[in-house]
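Here's the structure, in C-alpha cells; my notes come after.
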Amino acid sequence: MPSYPTLSRSRPGPRRRSLLAGTAGAVLLTGCSDAGSGDGRSADAERLRARAARDSSALLRRYDAVIAAHAPLSARLRPLREEVARHAKAFADGGLKPAPAASERAAGPPVPGDRKDALRLLATAERELARRRGKQLLDAPGELARLLASVAAAGAAHAYLLTEKGAEGNGEGDDK
C-alpha cells in the first residue's frame, strides 16, 4: 500500500480568515461601484459633492480660526489643516464649485480661549462631519462614495489626534 504524505495543520498560502476578509472588502467595494449610475454625474451627486466641498471649506475655516487664536498650536494643527484643504479641493475639483453660505462669509467661527477647549471643538467638528459623510456615502455613486469614505476615515483619525488621548504621545496635550 502506498504511503501518502500527511497534511500538516499549517498550509502554505492564505488563511481562511484572510480570504474571508478579502472577500468582504471586495463585496464592499463592489457595493460602491458605478453600476447603474451612468457616469456618476447626476444632479443629486453634484449637490452632494458641492455640499461636501462646503463642509470641508467650513472645517478649514475653523482650523484657520483656531490657529489664529492659538498660535502655539499651529505646528500641531497645520498638517491636519493641510489635509482638510486637500479634501475641500478634491470635492470642489470633481464637481460644482461650492458657494459659501451666508453665515460662512462672515468673520471666522468663534474659538474658545482655552487651547484644550479649542482642540475639543475641532475634534467634535471632525467627528460630526465624519459621521455625516459616512451616512452620505451610502447614497453616493461609486467614485464619490469612495472619496466620502476616505475623507470620513481621515476625519475620524483627525478627531482622535485632536483629543487628549491622541495627544498623549506628543507632549502637547497639557499646553495652555
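What the phi angles of the range 120-134 give under the Karplus curve with 6.51, -1.76 and 1.60, with θ = phi - 60°, is a coupling list of 5, 4, 5, 4, 5, 4, 4, 5, 5, 5, 4, 4, 4, 5, x Hz, glycine and proline written as x. Between the range 127-151 and the range 74-92, the alpha-carbon centres lie 17 Å apart. Taking amide H as placed 1.01 Å from N in the peptide plane, the amide H of Thr163 sits under 5 Å from none that are at least 5 places away or on another chain.
Every number in this text was worked out from the coordinates using simple rules, so none of it is lab data. Just so it is clear, the structure is predicted and the values come from calculations on it, not from any experiment.
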